Amino acid sequence: MAKILAIKFFEEPTLKVAKSLLGKTLARKSGGKLIRGIITETEAYVGPSDKASHASRGITPRTKIMFGDCGMIYVYLIYGMYYCLNIVTGKRGYPAAVLIRGVLSDGLNLNGPGKITRHFNINKNLNSKKLCKNSCLWIENSAEIDPKEIKSAPRIGVNYAGIWAKKAWRFYLKQKAAI
DNA sequence: AGATTGATCCAT
DNA sequence: TGGATCAATCTG
């Protein structure tokens, strides 16, 4: 029986959470169906001065969720077309989140945030909800990942962020992620 | 390589 | 109130 990750899991430092999430099972109940997938790629957005993070501009109606409690779901629309799924990490008042960027589900390699949210039926209704069964979106513990399987790379699409663009805060599984 | 799309933020 | 910006994806 798979075990649901405790909220405590997301209290850890964001970079650690981003790595730990690899190999875990993302579960979604939607329309009476249960969808599951293995997380293969994540990105970390850490702290108030991370220029690549929405939170670098301070608290706004959109970003305040990142300043809130860990284990919250942060969903936002990007380029007017695609939703991105993030999990808030760290302590209340410290803006940080992990972007879920790659998932293996139903034999599909969902290598992009927009593909994941489409396949999992994730939309803004889930924004600011807690990661748990009640919200119909949660993460289960599954096989431990050998740290040697984890690769890191610069984050995607943040060239504008200066020195922050160079941080290797994207993590993915060597075998499974095929980008 | 280009088009698409709309919420959000900041400067007026 | 308006314009610039954006953590993406698809098509050809």
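FYI, it's all coordinate maths here, none of it is from the lab. Keep in mind it's a predicted model, so treat the numbers as computed, not measured. Because the Cβ atoms are built from the backbone with ideal geometry, glycine has one as well, and the counts that use them run over all protein chains shown.
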Q. Just going by the charge dipole of chain A, with Lys and Arg at +1 and Asp and Glu at -1 on Cβ, which of A:PRO61, A:ALA27, A:THR89 is farthest out on the positive end?
A. A:PRO61
**Q.** Directionally averaged projected area (convex hull, Cα atoms, segment A:29-96), nm²
**A.** 5.8 nm²
Q | Proportion of all alpha-carbon pairs of segment A:103-179 beyond 18 Å (%) | A | 59 percent
Q | Geometric extent, Cα atoms of segment A:1-58 - Rg, Dmax (angstrom) | A | 14.3, 42
Q: For segment A:6-62, state which trypsin sites (Lys or Arg not before Pro) are in a DSSP loop and have at most 16 other beta carbons lying within 10 Å of their beta carbon.
A: A:LYS51, A:ARG62
Q. Here are some pairs, A:LYS33/A:LYS115; A:LYS115/A:LYS151; A:LYS130/A:LYS151; A:LYS16/A:LYS124; which of them have Cα atoms lying more than 24 Å apart in this structure?
A. A:LYS130/A:LYS151; A:LYS16/A:LYS124
Q) Among the aspartates and glutamates, which fall within straight-line cross-link reach of A:LYS3, defined as a Cα-Cα distance under 19 Å, with same-chain neighbours fewer than 8 residues apart omitted? A) A:GLU11, A:GLU12, A:GLU140, A:GLU144
Q: For segment A:74-150, run through the GluC sites (Glu not before Pro) and keep only the ones in DSSP coil with at most 10 other Cβ atoms within 10 Å of their Cβ.
A: A:GLU144
(Q) For segment A:45-135, which chymotrypsin sites (Phe, Trp or Tyr not before Pro) pass both filters: DSSP loop (anything but H, G, I, E, B) and at most 15 other C-beta atoms within 10 Å? (A) A:TYR79
Q: Beta carbons within 10 angstrom, averaged per residue: use that to sort the peptides A:96-103, A:132-139, highest first.
A: A:96-103, A:132-139
Q: Averaging sequence separations of C-alpha pairs under 8 Å and six or more residues apart, then dividing by the length of segment A:69-179, give the relative contact order as a whole percent.
A: 21 percent
Q: Report the equivalent ellipsoid semi-axes for segment A:64-113 in whole Å, largest first, defined as the square roots of five times the eigenvalues of the gyration tensor built from alpha carbon atoms.
A: 24, 13, 7
Q: Mind putting together the pair-distance distribution for chain A? All Cα pairs, 5 Å bins, whole percent per bin, short to long.
A: 1, 9, 18, 23, 23, 16, 7, 2, 0, 0
(Q) Below 13 angstrom from the Cβ of A:LYS64, what's the summed charge of the other residues (Lys, Arg +1; Asp, Glu -1)? (A) +2
